[in-house]
Structure formats: C-alpha cells, structure tokens
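Take a look at the structure below.
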Amino acid sequence: MEKILLISDRDEVAKKFGDIFSKNIHDFFVLTDELMITDSVSVYPPDIIILDVDSNEIDFKTIVKRVKSIDENIILIIYSDNEFDDIFLTSYSNAFITSTMSDKMIYSTVNMNLKTKNSLEKLFNTNKDLESSLYRLNALYDTSSKFAGTLDKKELLKYMIEGMDRTLSFSLTCLLSFADKDNPELILNSLYELSDELIAAIKLRTILNYKSLGEIPYDLNEKDIKVIKHIKYPASRFTFSLFQYDNMFAPISLGDEFFGCVEIFKDSTFTPDDATCFQTIVQQVALPIKGADLYQELINTNKELEKLERLKSDFISIVSHELRTPLTSIKNSMDILSSGKCCEITPTAEKFISMAQRNIKSLSRIINDLLDLSKIEAGKMEFNFKECNIQSVIDYVKSSLSEVAKSKNINLFAEVNDLPEIKADSQRLEQVLTNLVSNAIKFTPENKNIFIRSKLMNSKAIPKNPIFEDELNKLEGDYIVVTVEDEGIGIAESNLRKAFDKFAQIENSLSRKVGGTGLGLPIAKQLLEAHKGTIWCDSTLDKGSKFYFALPVTKVAQLSR
C-alpha cells in the first residue's frame with residue numbers, strides 16, 4: 001500500500017485530502033511537527049509528501065532539506081490556494097496542485113507520480129539485479145580461468161573458496177578435502193574466530209554429512225582429519241548460533257571420482273540464484289582436480305620410466321664392459337691358434353677356428369653398438385668435428401665393404417660428385433654409412449644392386465615422406481643428402497618408423513636369419529642428430545629400400561640452377 005504524508009496545519013485541507021485518499025485505500029497520514037516528520041520519514045518513509053505551503057507555522061525549507069537528506073527518492077508535491085513562486089521549494093518538487101482542482105484531478109496527479117516512482121524503483125531494482133548478475137558472472141568467469149591455470153589440487157580448492165566468497169559472501173565454509181587421499185583435511189574459511197568446542201562440533205557435522213552421501217570411498221573418523229582454519233576478522237567470535245544460519249552442502253565429485261565435500265553457511269537466506277552459483281562452482285572445480293590427478297600420475301609414471309631407462313642404460317654399459325675383457329682374451333687366443341705358433345693346425349681345426357673368429361667379430365660389433373648407445377644416452381659420446389668431404393667417407397665405406405658385397409654376388413656402386421665440405425666427425429659418418437650399407441647387403445638377395453648417391457639440396461626441395469614429416473620440416477637451408485638404395489626385401493610402410501627404434505627387428509624370415517641387435521639405425525639417428533642432421537627412409541615390400549640422411553652445409557657453393 002502506498003504511503004502518503006500531508007504536511008499541513010489546516011484542518012480543512014487535512015479533511016479534504018483524507019477524503020480523497022481514504023476512498024482509494026491509501027495509507028494516508030498528516031503531520032505538522034518537524035521532529036515527528038523527520039522521525040517518521042526515517043522509520044516509516046512515505047512514497048509521496050504533499051506540502052501545504054499555505055500553512056502558517058511550518059518551516060518547509062528546513063523540512064525539505066531533512067527529508068531529502070534521508071531519502072532523496074521521496075516525491076514532493078506542492079499544494080497551494082494561490083500562485084506559488086518559491087524557487088527553493090519548486091526546485092525540489094515533482095508536481096503542483098491547487099485548491100481549484102477537482103478531487104479526481106488531485107487524485108490523478110498524485111497517482112501519476114506514484115506510478116512514475118514505482119516505475120523508477122523497478123528500473124532501479126532491475127539495473128541493480130543486472131549489475132549483481134554481471135558481477136557474479138564475471139566472478140564465475142574469473143574463477144573458471146583460475147581453474148584452467150593450475151594443476152595443483154590445493155590451489156584449485158583455494159580458488160573455489162575464493163570464488164564462493166566473491167559470489168556468495170559466506171559466513172563460513174567447511175571444506176573436507178581429499179587432495180591428499182592419505183591425509184584428509186578440514187579447511188575452515190570463517191568470517192570470525194571459532195572456539196575449539198565449535199570446531200569440534202563442525203568436524204563432527206562434516207563427518208556426518210560425508211557419511212550421509214551413501215557409498216563413500218574412504219573410511220573416516222574424527223582423529224583422521226587435520227583442521228586448517230583461515231579467519232578473516234579474528235577480533236570477533238562465532239557462537240553455536242552459527243548452526244541456525246542458512247546453509248548449502250555439496251560433494252565435489254566427477255563420475256565415480258570423489259575429491260571431497262563442502263558446506264557453506266550464511267547469516268541471511270540463500271536465494272535460488274545463490275544455490276545455482278554454488279553448484280556451478282562446485283561442479284566446475286571437479287574436472288580440473290581430475291586433470292590434476294591424471295597429471296600427477298603422468299609425472300610419477302615418467303619418473304618410474306626415467307628410473308628404468310637409467311637402470312637399463314647402466315646395465316647395458318656394465319654388461320658391455322664386462323663382456324669386452326673376456327672377449328679380447330678369446331680373440332687373442334684364437335689369433336694365436338690360427339697363426340700356427342702354438343701347434344700344427346689341421347683343416348678341421350682351421351675351419352672351427354675361422355668360425356670362432358667370425359663369431360667373435362660379430363659379438364664385438366654387438367658390444368661396440370651397446371657401448372655407443374650407452375655413451376650417446378649418457379651424453380658422453382665424443383665427437384671430433386672438423387672440415388671434411390662426404391665423398392671421402394663414401395669412398396672409404398665402398399672400399400671396405402666391396403668384398404663383403406662381392407661374396408654375396410651383390411654389385412655395390414657409388415656415384416662420384418663434387419660437393420662442398422661440411423663440418424663433421426668423419427669417423428662417425430663412416431659408422432653411419434657403414435651401418436646403412438651393411439644392412440643393405442644383409443637384406444638384399446644375390447645378383448642384385450646397391451647404390452650410394454650424394455647430392456646438394458635445399459631443404460625445400462627435399463621430398464617429404466609424410467611418415468617423417470615432423471623431422472623433415474625442421475630442416476632449413478642447404479644440405480648434403482646421402483642415399484643408400486638397395487633392391488632387397490623392403491619394409492612395410494607401417495614398419496618404417498620402427499626401423500629406428502632401439503632393439504627393434506622388423507619381423508620377416510630374412511631378418512631372423514641375419515640376426516642383429518637392432519641398434520644400428522637408432523645409433524645412426526642419434527649420431528646424425530648430433531650433427532644437426534636427420535635420417536629417414538622409403539621402402540616398398542619385395543622391391544627394395546632407400547635410406548637417406550641429410551647433413552647441413554656450413555660453406556656452400558651456389559647451387560647450380
């Protein structure tokens with residue numbers, strides 16, 4: 001009901017307005033005393049004040065000043081029997097009525113101002129609600145951004161509480177956290193100080209709330225929980241009346257995963273919007289907490305893998321060194337026996353000694369591969385970088401493996417090109433190329449061909465095999481590209497990447513026959529990476545393979561166009 005106050009000391013005016021507004025069910029009252037008017041406006045503010053400015057004993061200027069200082073939204077209407085020209089009062093008034101106006105006109109004028117006031121109040125409240133909603137949305141967005149910025153579970157829970165404080169202005173939050181599953185914590189964020197007795201009661205209430213969830217993932221009793229409290233204003237203290245406050249409770253979970261639960265108290269009633277906001281924040285934090293769990297599992301798994309990798313490398317290094325010493329003694333003994341210095345060698349003995357020497361060489365290569373691998377992985381491989389020509393490396397490898405190829409009736413060809421010098425360790429490049437050509441000889445049938453080619457190419461002109469696209473896209477500038485092409489058994493496309501995996505052997509009958517450690521190509525790959533180069537391959541089953549490696553050119557002659 002609208003409240004209308006008439007300020008007048010004239011009985012006939014009070015009766016006139018009383019008759020008008022009592023008919024229309026308005027809360028109408030009349031005052032003349034300045035002190036009573038001030039008190040009434042402070043305690044029982046009217047919607048409209050009608051000023052009978054023809055009253056004799058009332059100081060309207062003082063009254064208007066006091067009224068506007070209390071509530072500037074009260075509508076003031078001047079009533080007079082005569083023309084009125086007081087500049088001060090008219091500047092504060094919203095309307096003007098006279099005694100000559102009919103009762104209906106007076107009522108309509110007052111009613112129109114009441115409607116205007118109500119519309120302005122609705123608009124003000126709508127704007128206020130909109131401002132509050134925008135603030136809350138901004139706070140939720142800021143909280144979500146913080147959730148996305150960390151994988152620390154305790155940080156995530158802290159951001160959750162901060163978000164609730166900004167959007168809900170709680171009196172107390174009780175967060176039961178299983179961020180560390182073995183050490184549950186009850187984190188209390190309170191506006192005021194909490195006594196030990198109250199904390200004990202809160203702890204018991206939290207355990208009961210937790211157990212009321214049904215199928216709970218962890219057994220919990222009072223002694224298990226560590227209490228951490230954060231007090232905003234420690235000078236004041238909560239009492240047990242805190243439990244009479246309005247409250248909301250929710251578990252922090254994602255599917256079957258459970259991370260804790262939270263209860264929030266407020267000394268005023270939570271609205272439906274508050275409940276929605278509370279649930280939104282609780283649901284939002286669950287997913288990043290799950291992500292934090294997975295991230296921690298990944299870290300722990302990586303640590304275990306790194307530990308296993310170190311143990312494996314140490315094992316390889318130790319075994320390789322331990323094998324080398326007795327192998328050297330066996331080799332020397334076989335060399336002495338084969339020389340005939342110790343006794344006469346029969347044809348049968350010579351055959352077995354020769355077989356033993358071949359296997360000693362094979363075992364020696366395996367040990368050397370293992371030692372090289374352990375040195376590379378430990379970062380202890382030594383390199384002697386200096387200016388060298390790739391053609392001399394190709395010539396050396398062709399010369400040293402020609403006899404091996406010839407023994408299998410395989411033709412080994414090497415193209416001769418005039419290429420610029422590169423800065424490299426020539427012995428390591430010989431090791432790489434020897435490995436590639438040796439593999440080609442192993443996996444190429446008799447009466448076939450192997451070709452070694454070299455060419456100066458710009459990185460943009462190097463054909464990109466999609467399987468090795470990431471490595472090839474890193475190349476920039478000019479490179480010498482060496483190709484070893486064979487007419488052997490080939491490799492299936494699905495196995496091309498596996499060829500460079502440690503201890504990998506592509507499964508087929510010929511690979512089982514020739515054997516090997518599967519370390520040659522991984523070692524070659526790491527040696528080339530140390531030269532800022534790369535290695536890749538193309539292959540077709542039963543038609544042959546092409547292995548390429550690229551080395552950067554430091555001093556390059558202009559490419560011929």
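The values are calculated or read from the model by the stated rules, or taken from the named source; none is laboratory data. As the structure is a computational prediction, the values presented were derived from the model and not from experiment. Positions of Cβ are backbone-derived with ideal geometry, glycine not excepted, and every protein chain shown enters the neighbour counts.
A quick yes/no check of all residues on (1) in contact with a strand residue (DSSP E or B) (Cβ under 8 Å, 6 or more places away or on another chain); (2) in a helix (DSSP H, G or I); (3) under 30 Å from Glu263 (Cα atoms):
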| site | (1), (2), (3) |
| --- | --- |
| Ser91 | no, yes, no |
| Lys158 | no, yes, yes |
| Asp165 | yes, yes, yes |
| Cys174 | yes, no, yes |
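Any idea how many residues of region 194-219 are outside any helix (DSSP H, G or I) and of a type in the set (Gly, Ala, Ser)?
Within region 194-219, residues that are outside any helix (DSSP H, G or I) and of a type in the set (Gly, Ala, Ser) number 3.
Evaluate region 355-375: report whether one residue or more is free of Cβ contacts under 8 Å to residues at least 12 places away in the same chain, in contact with a Cys (Cβ under 8 Å, 6 or more places away or on another chain), farther than 18 Å from Gly520 by Cα and not assigned by TED's automatic domain parsing to the domain that holds Val484.
no
Assess whether Leu208 counts as being without any contact (Cβ under 8 Å) to a residue 12 or more places away in the chain and surrounded by fewer than 19 Cβ atoms within 10 Å (Cβ to Cβ).
Spelling it out, Leu208 is indeed without any contact (Cβ under 8 Å) to a residue 12 or more places away in the chain and surrounded by fewer than 19 Cβ atoms within 10 Å (Cβ to Cβ).
Counting only residues that are within 50 Å of the chain's Cα centre (by Cα) and either of a type in the set (A, V, I, L, M) or within 30 Å of Asn447 (Cα to Cα) (or both), how many does region 392-426 have?
Qualifying residue count, region 392-426: 5.
In the set Glu57, Glu83, Glu34, which member is out of contact with any Gly (no Cβ under 9 Å at 6 or more places or on another chain), surrounded by fewer than 17 Cβ atoms within 10 Å (Cβ to Cβ), of a type in the set (D, E, K, R) and without any contact (Cβ under 8 Å) to a residue 12 or more places away in the chain?
Glu83
Going by what's in this entry, would Phe385 be described as modelled with pLDDT of 90 or more, under 24 Å from Ser539 (Cβ atoms) and not aliphatic (A, V, I, L, M)?
The answer is no for Phe385.
Just to check your reading of the model, which residue among Ile87, Ile187 is of a type in the set (Val, Ile, Thr) and in the same structural domain as Gln244 (by TED's automatic domain parsing)?
Ile187
Among the residues of region 478-485, are any assigned to a loop (DSSP other than H, G, I, E, B), assigned by TED's automatic domain parsing to the domain that holds Ser407 and either at pLDDT 90 or above or among the charged types (D, E, K, R) (or both)?
The answer is no; no qualifying residue exists.
Failed condition for Thr150, given (1) hydroxyl-bearing (Ser, Thr, Tyr); (2) under 22 Å from Tyr295 (Cβ atoms); (3) in a strand (DSSP E or B), with all others met?
Among (1) hydroxyl-bearing (Ser, Thr, Tyr); (2) under 22 Å from Tyr295 (Cβ atoms); (3) in a strand (DSSP E or B), Thr150 violates only (3).
For (1) at negative phi; (2) outside any loop (DSSP other than H, G, I, E, B); (3) in contact with an Asp or Glu (Cβ under 6 Å, 6 or more places away or on another chain), each residue gets a yes or a no:
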{"residue": "Lys16", "(1), (2), (3)": "yes, yes, no"}
{"residue": "Ile20", "(1), (2), (3)": "yes, yes, yes"}
{"residue": "Met36", "(1), (2), (3)": "yes, yes, no"}
{"residue": "Asp39", "(1), (2), (3)": "yes, yes, no"}
{"residue": "Ser42", "(1), (2), (3)": "yes, yes, no"}
{"residue": "Asp54", "(1), (2), (3)": "yes, no, yes"}
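Can you tell me which residues in region 213-251 are within 12 Å of Ser190 (Cα to Cα), aromatic (Phe, Trp, Tyr) and surrounded by fewer than 13 Cβ atoms within 10 Å (Cβ to Cβ)?
Tyr233
Of the residues Glu215, Glu162, Glu222, only one is among the charged types (D, E, K, R), touching a helix residue (DSSP H, G or I) at 6+ places or on another chain (Cβ under 8 Å) and more than 29 Å from Asp142 (Cβ to Cβ); which?
Just a single option satisfies the conditions, and that option is Glu222.
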